[in-house]
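Please read the structure below before turning to the comments.
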Amino acid sequence: MAKVLKEMMYTLYQKSPDALRELALVGFLLFETKFTMVLCDSPAGYVCRINHTKTADLPEEADDICSELLPVLKAVYQARLMMENTNKVVKQQPGDIGVDLDQNKKILPSFTSEVIKRKRRRTSDFDEE
């Protein structure tokens, strides 16, 4: 899970490098009756931080749904708000295409009609034997 979140963070960083400290990603781990939310952010800008929330137990019986499912739904809703905020931050950042017009002042021709000069192979004495 951590590797996937780091790769996603790097992809978002490439789209909007100025917003790196504002990005936050969320992942969910589900193991049988255990639910864990994984948070990924980069508050310092050079290290990816991964935090795991406290594991919540999913209800196994129908009678326990009302009491045990509420913390899980609350965590999922908070994760949704975080993901919407990250999506908004990434979309607000203008994309930089990296064109520097001052770098290449000379415009090269797109088609050249130069004659190709081919070198002739020299025949050696070994070929004759």
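The values are calculated or read from the model by the stated rules, or taken from the named source; none is laboratory data. Because the structure is predicted, anything quoted here is derived from the model rather than measured. The accessibility values were calculated without ligands, DNA or RNA, using every heavy atom of the protein model including side chains. Shrake-Rupley method; radii C 1.70, N 1.55, O 1.52, S 1.80 Å.
Observations, loosely collected:
- Within the accessible area of segment 1-41, the carbon and sulfur atoms contribute 57%, probe 1.4 Å, all protein chains present.
- Rounded accessible area per residue of segment 7-59, 1.4 Å, Å²: 63
- Hull-based mean projected area of segment 1-93, where the convex hull spans the alpha carbons, in square nanometres: 6.2
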